[in-house]
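Just below is one structure, and these are the notes that go with it.
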There are 2 protein chains.
Amino acid sequence: MAITYQSPIKFNNFSPISPSYPISNNFTNLKFRFCPSPVSSKTHTHITIPEPEPVFTSVKSFAPATIANLGPGFDFLGCAVDGIGDFITLKIDPNVRPGQLLISNINGDNGRLTKDPLHNCAGIAAFCVMKMLNVQSVGLSISLEKGLPLGSGLGSSAASAAAAAVAVNEIFGRKLSVDQLVLAGLESETKVSGYHADNIAPSIMGGFVLVRSYDPLELIPLKFPYDKDLFFVLVNPEFEAPTKKMRAALPPEVTMSHHIWNCSQAGALVAAILQGDSRGLGKALSSDKIVEPRRGPLIPGMEGVKKAALEAGAFGCTISGAGPTLVAVTDEEEKGREIGERMVEAFMKEGNLKALAMVKKLDPVGARLVSSNLR
Amino acid sequence: MAITYQSPIKFNNFSPISPSYPISNNFTNLKFRFCPSPVSSKTHTHITIPEPEPVFTSVKSFAPATIANLGPGFDFLGCAVDGIGDFITLKIDPNVRPGQLLISNINGDNGRLTKDPLHNCAGIAAFCVMKMLNVQSVGLSISLEKGLPLGSGLGSSAASAAAAAVAVNEIFGRKLSVDQLVLAGLESETKVSGYHADNIAPSIMGGFVLVRSYDPLELIPLKFPYDKDLFFVLVNPEFEAPTKKMRAALPPEVTMSHHIWNCSQAGALVAAILQGDSRGLGKALSSDKIVEPRRGPLIPGMEGVKKAALEAGAFGCTISGAGPTLVAVTDEEEKGREIGERMVEAFMKEGNLKALAMVKKLDPVGARLVSSNLR
């Protein structure tokens, strides 16, 4: 599933009609990495899409939470989680200038997110898809409903971007491929969260996704067998993970023996996914010797919570994304609830933190249309 | 497939009857790591096997060549190659003192291997299995027929050990598990070649095997789908790889970015194997940024030969084991022969080395009985 798409569509001047719309004025200087103007490299394929007619007047989309990093899968492996995520309502809006985008409303973010579409993860992804589709004749407005807490390690920004990218693609009759939508989402992640596709790819594609390379972006979907049971216990403490410290905690170099160990665990993790071996999956996910030992101590009580999870029967436990949410793995929902309770108790006991536990399945579908209104 | 076996059988004094048999006298001081005497750790399971009766008077076994390291699978991933390997003929020998072992003959080694069973890879593995089986009442003699060149990167020592371990197990009615045989082979590898299971495990088990951990030894068989085509082009130049330099070339540390890259490629490699994607397999195998760039330059012409392989249509190419054999991957036998020819030419042109090419399939079976004579 190699992706070598670059849109040849030139960036168009862009300003909102709505005077209340907070947006900077230097749109022409904005650079989009994955959905930009001229194609220079021989390896990039030129795809010119005639401007599509909208199929719907409005659509509502959903994109799931994601667990990235996954222990030894650090920075290249993530999966989508069923039943929690963000919603986008997207409308063809005659009050928005053609070819342009308005974020009309954001719910569930406690006022923390900007409505500037060029600095909002949903806005950037939506606008990138508009560019890919060469949308010039209609204006769009989006409303974002956050179902995910910000900065929790559950791929909150990716879920917003994924829902937005899918919404725009759907309202114009699904002209773009999944891979192109991931590129639009990666544009957003790069600007807002960091240059990594291990949240956005599974949020759009569902299931487990391995990011094989970025240049060109190449994604490998890893299908966990439907007939096997897998439950994630997600425990989110009331704690803001210190992002800078989390990044700084990563070592610039790793020893050869740790490298070989983590590499073999990454291989074992991929094998466990494809073989539907939830026990092996938990074990591999729990075996990181490079990142978790350094980031773990930055989450109060982490070690004790992991211990509690394993003692309660979890197959494995690690940090979800950059934390502070921890993820444990089991193959029974009821056991998952017990593990969650033990982890919540341990967070209080060991880290003096309140925490909330959820037991979730894999989301094999990814970002999708929830409802639509035909024109 | 966790292995926690340790034989509780005590090491027995051991000396050959044959006066021509070159063997040291301090057998009692010999230490066997995986098939030794008392069990100390709680994690090890005590298995006491009553001494079995031999089922055959003689057996002949075969064990295949193996490709270890496999690019980003360095040190934990290997596979067995069909149609080349070593043979062992094993006999119940009334001229050998009960409980003891004689290497009566070695062919195809140009006189380079010792017949001392405690320093010969086949001997060590065979003797380890005898200990595991608690063989005390009969003596055994083995004859080794080398089909593999020594020090070529094709798992020569592992093939001898695998064939020997299997032969002893078969002659006594197959009492040990595959995992135990791997442990016996690992005993041999540790003493002769180095503490790594990525040759011995696939030589015994067949197919691809991922070594997940050593303590306890845990092996994950990775099944390449039978209905998919995969051919290895093995090109062996007339060149002795400088083992010490090859080892010294490994960096003590790797950068975080190279670690993440190789880890993701290892994951992609495992995925390609399980998904039967020979193209992806070749690509992943060819993508190592850590070991190959350092070991490659020690094999004259390596870079040019790899280039020639890729230009001839190989999906990927890397060093087999610690070299000097190079392995390329394709999905057609005829194309494999062409790739091999180009690689041989390039070895001469770029490295001034004569080389021999073979096109081989995966061996999904591993070490096995070839013939036997009932008692």
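The values are calculated or read from the model by the stated rules, or taken from the named source; none is laboratory data. Worth saying up front: this structure is predicted, and the values here are computed from it rather than measured. So basically every Cβ, Gly included, is an ideal-geometry build from the backbone, and we count neighbours across all protein chains shown. For the accessible areas, the whole protein counts, side chains as well, though only heavy atoms, and no ligand, DNA or RNA atoms are used. Shrake-Rupley method; radii C 1.70, N 1.55, O 1.52, S 1.80 Å.
Rounded to the nearest 100 Å², what is the buried accessible area between B and A, both sides summed, probe 1.4 Å?
2800
Assume the label is 7 Å from Cα along Cα to beta carbon: what separations in nm does A:His119 have to the matching positions in the other copies?
7.4
Between B:Pro297, B:Pro221, B:Pro98, where does the largest GNM mean-square fluctuation fall for chain B, given springs only between Cα atoms within less than 10 Å?
Between B:Pro297, B:Pro221, B:Pro98, it is B:Pro297 that shows the largest mean-square fluctuation.
Give me the one-decimal Kirkwood hydrodynamic radius in Å for the stretch A:231-361, with the sum taken over alpha-carbon pairs.
Computed over the stretch A:231-361, the radius equals 14.8 Å.
Could you go through the stretch B:229-241 in sequence order and give the Karplus-derived ³J(HN,Hα) for each residue, using 6.51 cos²θ - 1.76 cosθ + 1.60 with θ = phi - 60°, rounded to whole Hz, and x for Gly and Pro?
Ordered by residue, 3J(HN,Hα) equals 9, 8, 10, 9, 9, 9, 10, 10, x, 7, 7, 8, 5 Hz.
What are the distances, in nm and sorted shortest first, from the label point of B:Ala249 to the label points of the same position in each other copy, with each label point placed 7 Å from Cα along the Cα-to-Cβ direction?
In ascending order, 3.7 nm.
What is the extension gain from B:Lys354 to B:Glu311, computed as 0.36 nm multiplied by their sequence separation minus the C-alpha to C-alpha distance, in nm to one decimal?
Result: 13.5 nm gained on full extension.
Select from A:Glu189, A:Glu238, A:Glu341 the residue whose mean-square fluctuation is largest in a Gaussian network model of chain A (Cα-Cα springs shorter than 10 Å).
Sorting by GNM fluctuation, first place goes to A:Glu238.
Compute the distance from the alpha-carbon center of the stretch A:80-147 to that of the stretch B:96-127, in whole Å.
Each part reduced to its Cα centre gives a spacing of 73 Å.
In the protein assembly as shown, carbon and sulfur make up what percent of the accessible area (probe 1.4 Å)?
Looking at the protein assembly as shown in its full context, I get 50 percent from C and S.
Summing +1 for each Lys or Arg and -1 for each Asp or Glu, what net charge is found among the other residues whose Cβ lies under 13 Å from the Cβ of B:Asp109?
Its environment carries a net charge of +1.
Test of the criteria: in the stretch B:183-264, which trypsin sites (Lys or Arg not before Pro) are in a DSSP loop and have at most 16 other Cβ atoms within 10 angstrom of their Cβ?
Those satisfying the criteria are B:Lys223, B:Lys228.
Using the basic label-point model (7 angstrom from Cα toward the beta carbon), what is the A:Leu369 to B:Val370 distance in nanometres?
Spacing of the two 7 Å Cα→Cβ label points: 6.4 nm.
What stretch of chain B, leaving out the sites themselves, is the longest with no chymotrypsin sites (Phe, Trp or Tyr not before Pro) in a DSSP loop having at most 13 other Cβ atoms within 10 Å?
Here the longest run is B:1-194.
Have a look at the DSSP beta bridges in the protein assembly as shown and tell me what percent are antiparallel, nearest 5.
85
Under 16 Å from a point placed 7 Å out from the Cα of A:Glu253 along the Cα-to-Cβ direction: which residues of the stretch A:285-317 have their backbone N that close?
No residue qualifies, since no backbone N sits under 16 Å from the label point.
Report Rg/Rh for the stretch A:42-128, rounded to two decimals, where Rg is the Cα radius of gyration and Rh the Kirkwood radius.
Rg divided by Rh gives 1.04.
Kindly give the distances from A:Gly173 to its copy-mates, label point to label point, with each label point 7 Å from Cα along Cα→Cβ, as nm values to one decimal ordered shortest first.
Reported distances to equivalent positions: 7.5 nm.
If you take the Cα atoms of chain B, find Rg, then find the Kirkwood Rh from the mean of 1/r over all pairs, what is Rg/Rh?
Ratio of gyration radius to Kirkwood radius for chain B: 0.99.
Give me the tail of P(r) for the protein assembly as shown as a percent: Cα-Cα pairs with distance above 52 Å.
Everything past 52 Å amounts to 21 percent.
Please report how far the C-alpha centroid of the stretch A:230-303 lies from that of the stretch A:166-201, rounded to the nearest whole angstrom.
For the stretch A:230-303 versus the stretch A:166-201, the Cα centre distance is 25 Å.
Looking only at the stretch B:265-298, which residues have a backbone nitrogen under 16 Å from a spot 7 Å from the Cα of B:Asp227 in the C-beta direction?
Within reach of a label on B:Asp227: B:274-278.
Each label point is 7 Å from the Cα along the Cα-to-Cβ direction; what then is the distance between the points at B:Glu240 and A:Asp82, in nm?
In this crude spin-label approximation the distance works out to 6.1 nm.
Rank A:Leu326, A:Leu113, A:Leu181 by mean-square fluctuation in a GNM of chain A with C-alpha springs under 10 angstrom and give only the top-ranked residue.
A:Leu113
For the stretch A:55-109, what is the accessible area per residue in Å², given a 1.4 Å probe and the full set of protein chains?
On a per-residue basis, the stretch A:55-109 sits at 28 Å².
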